[in-house]
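See structure below.
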Amino acid sequence: MLHTFVALVDDKPGTLTRVASLFRRLNVNIVSLTVGESERDGISRMTIVCDAPEHAADRIRASLYKLETTRDVDELGRSEAVIRELCLIKVAAGPNSPHGQQSRSQIFELANVFRARVVDLAPESIMLEMTGAASKIEGLLQVLRESKFEVLEVSRTGRMAMRRGHHTGRVLKALGTKPDEEAPVAFPDRPVTDDLPNQFAEDEA
Amino acid sequence: MATNNTHPILTGAEILWATLVGEGVTTVFGYPGGAILPAYDALRKFPIHHVLTRHEQGAAHMADGYARASGKVGVAIATSGPGATNLVTGIATAMLDSIPIVCISGQVSSKVLGSDAFQEIDITGITLPITKHNFVATRAEEIAPMIREAFQIAASGRPGPVLVDITKDAQQGTATFNFDEAAPASYRPHPMLRAESTEMARAIELMRASTKPVILAGHGIIHSGAEREVLAFAERYQIPVATTLLGLGAFPASHPLALGMMGMHGESWVNHAIQQADLLLAFGMRFDDRVTGNLASYAPNAKKIHIEIDPSEINKNVKVDVALIGDLKEVLNTMEPLIHDRNYLADASTTKTTRAWLREIRSLKGDAAVRDIINLPDNGHLYAAHVINDIWQEAKAAGRLDKTIIATDVGQHQMWEAQYFKHEDTRTLITSGGLGTMGFALPAAIGAKIARPDCDVWCIAGDGGFQMTASELSTIQQECLHINVAVINNGFLGMVRQWQEAFYDKNYACSPILSPDFVKLADAHGIPGAHVTERKDVTPTVAKARTSPTAFVINFSVEKEDGVYPMIAPGAALHEMVRRPNPLIETAEDE
Ligand SMILES: Cc1ncc(C[n+]2csc(CCOP(=O)(O)OP(=O)(O)O)c2C)c(N)n1
Ligand SMILES: [Mg+2]
């Protein structure tokens, strides 16, 4: 099954290798991995989607924690989080394309329905940009192909995820989440609530 | 020395040594070369003793032995390229046994990094999966904070090896040195490392419901320094204690509650007790495949409480009922008043049932003692078990048991050591458990002797493994160390031979091994030695070695085709042990 982890890691050379190497060791395939800046200086945010057995999630999370460069790890389920992906699609739309002169207007229509944007118009092709859940993106691609459009290129970012509501990683919460505050370098005293060790048991129940 | 206000401006090389001094380092083990030469050039200005080894693998094992014997962080140092790759086996050995060492490697200048320069190797890439963490310093000002953080990472949480790769230009450059400012953020356990009180309450309920509990005592007890707490816990609740190989010494072997070693070569009653238990309290151990046997049939009736500092170990091999994540000593100390509050001991039946359980375990011993080679009449043969038993007895008779450290190599002799040398005290057994690295014993013994000069240190090695790092005999002489070496010479890669006997139709492919005359080899190094072929000579020669003013090498010519028993075949359940043959194993010479 697919698992989605969000890891907050030090923005330092080699951090990505450490994370990637961990998945290689566990023999778990990474479906997608996005890395970028987070709300605080020096900390990158990774969204890692991987395919692993259900029971493997705890170990993956605990192993991610073990990396010295990891600040916090969260595992997200579908319902509790917003999960998005950005996709660029280049479609053939010249006079010689299957739909000939009609191509452009038809693609504009499809883009409208899927809330995709046209970001480039060239004599022979159109580039679409679409943001959304992976299933929406796959939907657009499928419709394009079924309508006999020639999809020339597809570039997908892989998923990014964020929990809904006010919830923030426990560690980050303790660190203080305001980006302008100086990020404390140590973990604060143990918080009162702790959902982690118990989860090993709860997941099973 | 130029100064900037109150803090001196030093070269990177000087900063390296000054930081090590600040961390309390007095000895390092290493081998010089081009990329680390600036550091060696600066060494004479600092109060650090450098032990020149004969191979960088030896340097890493010495740092490891030093750490295991003392509990302090060991330090190894090597040049770039081949020097760094030679450290790899030693680093991996420390990784698998969670030993705190810091390895420092020289690196080519940062200007040519990545260009395949002479002796350039990506050692941080190579050691990524076998270090707890590693660093590359390319500027002088990075050295002090990286070394300080390396020490903290190596020693905190679940300990492990850390490598710091320092480019030549970083060693040659200059920076202001301020030890205090280079301090890493103080170590605080990760919020995940926290045993929940609700979980503790569940653990206590399981204890209360149990009539057949067993404590599984692991290496974590020693790392946590929880020996006293575990002893008190076991005594208070009268719970018998089975020990892993690396846990030997964490609980006194002669204690009435001590069962002995569990697992592949553990005594059968120990494994039977585990299989019949209704509660396992795993203290700082990780259910390695060598102690569980077949997982499907492992302790089927037992609830399991796992106290462990590394969350990734929970439910890895064995599904547990309660996980208490944290430092063992802290967890036990927090748990104690909770158990007390719950009136655990007020229940008189608790003590009565555990007494019945202890009786039951005793009955499991059956005829084990009769079969034990130690109790069989002398038949003129010299057995490795006798040799090790006699080394133990000699130390005990001399009142030196608490001051005797044994470093073993890997193989049959290692298992016999674990079975026949009864370790009463913590940190008295130094052995490569997780990686099983042949060649470990001699350099580890050197590290241990330097860490604990007050102790008698024995290197117990097989004829095979001893030849892997025997060049360190020269290091022993150079450092004038009194280390006793017992080579258990059976003419075979014995453990391999035993597996070939049991599982490969006695096809002894490449397991007979030729050795030099080890006494002559010692003599070539200026080290006295002796051959022992008969049991009567064992104790006197052992005593002679122990009381000798110098190192001493004894070559024990033991029974060639002897086997380590009991034994669990791979894939078999923990209770399906192959027992000791009775009477004595027949060897070719008997026929
Ligand atoms: C570096 C290394 N190579 C190979 C092995 C596999 N191995 C395990 S035990 C053993 C035999 C050891 O022979 P010896 O040192 O004579 O000890 P004995 O078993 O005879 O006591 C071998 C080859 C190992 N553990 N380590
Ligand atoms: Mg041998």
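For region A:1-110, the strands (runs of 3 or more DSSP E) that sit wholly inside it and include 3 or more residues that are among the β-branched types (Val, Ile, Thr) are A:2-10, A:29-37, A:43-51, A:81-92. Tallying residues that are open to solvent by 90 Å² or more (accessible area, probe 1.4 Å) and not acidic (Asp, Glu) within region B:523-544 yields 3. For region B:513-535, a tally of residues being assigned to a loop (DSSP other than H, G, I, E, B) and either of a type outside the set (S, T, N, Q) or away from ligand 2 (no atom under 16 Å from the Cβ) (or both) returns 9. B:Lys560 meets all of the listed conditions (1) surrounded by fewer than 19 Cβ atoms within 10 Å (Cβ to Cβ); (2) without any contact (Cβ under 8 Å) to a residue 40 or more places away in the chain but one, namely (2).
Listed by first and then second residue, the pairs linking a residue in region A:61-88 that is in contact (Cβ under 8 Å) with a residue 60 or more places away in the chain and at the interface with another protein chain (Cβ under 9 Å from one of its Cβ atoms) to a residue that is assigned to a strand (DSSP E or B) and polar (S, T, N, Q), with Cβ atoms under 8 Å apart and 6 or more places separating them unless they lie on different chains, form an empty list. For region A:98-113, filtered to residues that are open to solvent by 80 Å² or more (accessible area, probe 1.4 Å) and among the polar types (S, T, N, Q), the residue that is nearest to A:Glu138 (Cα to Cα) is A:Asn112. Among residues of region B:492-503 that are under 14 Å from B:Phe466 (Cβ atoms) and among the hydrophobic types (A, V, I, L, M, F, W, C), those with a beta-carbon under 6 Å from a residue that is more than 9 Å from ligand 1 (Cβ to nearest atom) and open to solvent by 60 Å² or more (accessible area, probe 1.4 Å) at least six positions away or on a different chain give the pairs B:Phe492/B:Pro512.
Where residues in region B:404-430 are in a loop (DSSP other than H, G, I, E, B) and within 16 Å of ligand 2 (Cβ to nearest atom), which of them is farthest from B:Ala69 (Cα to Cα)? Here the residue is B:Gly411. Annotation: B:Ile388 fulfils all but one of (1) in a helix (DSSP H, G or I); (2) away from ligand 2 (no atom under 16 Å from the Cβ); the unmet one is (2).
Taking the stated definitions as given, is B:Ala470 aliphatic (A, V, I, L, M), away from chain A (no Cβ under 14 Å) and within 16 Å of ligand 2 (Cβ to nearest atom)? Considered against the rule, which asks whether it is aliphatic (A, V, I, L, M), away from chain A (no Cβ under 14 Å) and within 16 Å of ligand 2 (Cβ to nearest atom), B:Ala470 comes out as yes. Give the residues of region B:111-127 that are more than 27 Å from B:Met95 (Cβ to Cβ) and surrounded by 14 or more Cβ atoms within 10 Å (Cβ to Cβ), sorted by residue number. Those that are more than 27 Å from B:Met95 (Cβ to Cβ) and surrounded by 14 or more Cβ atoms within 10 Å (Cβ to Cβ): B:Val112, B:Ala117. Taking helices (runs of 4 or more DSSP H) as the structural unit, those lying wholly within region B:441-512 and holding at least 2 residues that are touching a His at 6+ places or on another chain (Cβ under 8 Å) and surrounded by fewer than 21 Cβ atoms within 10 Å (Cβ to Cβ) correspond to B:473-478.
The helices (runs of 4 or more DSSP H) falling completely within region B:139-238 that include 2 or more residues that are farther than 30 Å from B:Thr11 by Cβ and of a type in the set (Lys, Arg) map to B:197-209, B:227-237. Find all pairs meeting these conditions: Cβ atoms under 8 angstrom apart; at least six residues apart or on different chains; first residue within region B:322-336 and within 12 Å of another protein chain (Cβ to nearest Cβ) and farther than 17 Å from B:Ala234 by Cβ; second residue among the basic types (Lys, Arg) and outside any strand (DSSP E or B). Close Cβ pairs satisfying both conditions: B:Val322/B:Arg202; B:Ile325/B:Arg194; B:Gly326/B:Arg194.
Of the residues that make up region B:97-104, is at least one surrounded by 17 or more Cβ atoms within 10 Å (Cβ to Cβ), assigned to a helix (DSSP H, G or I), within 14 Å of chain A (Cβ to nearest Cβ) and in contact (Cβ under 8 Å) with a residue 12 or more places away in the chain? There is no residue in region B:97-104 that is surrounded by 17 or more Cβ atoms within 10 Å (Cβ to Cβ), assigned to a helix (DSSP H, G or I), within 14 Å of chain A (Cβ to nearest Cβ) and in contact (Cβ under 8 Å) with a residue 12 or more places away in the chain.
Conditions (1) away from chain B (no Cβ under 14 Å); (2) in contact with a strand residue (DSSP E or B) (Cβ under 7 Å, 6 or more places away or on another chain); (3) of a type in the set (Gly, Ala, Ser), marked per residue:
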{"residue": "A:Lys12", "(1), (2), (3)": "no, no, no"}
{"residue": "A:Gly42", "(1), (2), (3)": "no, yes, yes"}
{"residue": "A:Met46", "(1), (2), (3)": "yes, yes, no"}
{"residue": "A:Glu54", "(1), (2), (3)": "no, no, no"}
{"residue": "A:Ala111", "(1), (2), (3)": "yes, yes, yes"}
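Across region B:407-443, the number of residues qualifying as among the hydrophobic types (A, V, I, L, M, F, W, C) and either without any contact (Cβ under 8 Å) to a residue 40 or more places away in the chain or away from ligand 1 (no atom under 14 Å from the Cβ) (or both) comes to 5. Residue-level check: of (1) within 16 Å of B:His413 (Cα to Cα); (2) open to solvent by 50 Å² or more (accessible area, probe 1.4 Å), B:Pro566 misses just (2). The condition (being in the same structural domain as B:Gln498 (by TED's automatic domain parsing) and more than 16 Å from ligand 2 (Cβ to nearest atom)) is satisfied by just one residue among B:Leu442, B:Leu435: B:Leu435.
Would you confirm whether or not region B:455-464 contains a residue that is at pLDDT 95 or above, farther than 23 Å from B:Trp416 by Cβ and away from ligand 1 (no atom under 14 Å from the Cβ)? Talk me through it step by step, then tell me what you get.
So the first thing to find is which residues in region B:455-464 are at pLDDT 95 or above, and the list is B:455-464.
If we keep only those that are farther than 23 Å from B:Trp416 by Cβ too, we end up with none.
Checking region B:455-464: not a single residue is at pLDDT 95 or above, farther than 23 Å from B:Trp416 by Cβ and away from ligand 1 (no atom under 14 Å from the Cβ).
The values are calculated or read from the model by the stated rules, or taken from the named source; none is laboratory data. Here the structure is a predicted model, which means the values were calculated and not measured. Here the Cβ is made from the backbone with ideal geometry for all residues, glycine too, and neighbour counts use every protein chain on show. Note: accessible area is taken over every heavy atom of the protein model, side chains too, but ligands, DNA and RNA are not part of it. Shrake-Rupley method; radii C 1.70, N 1.55, O 1.52, S 1.80 Å.
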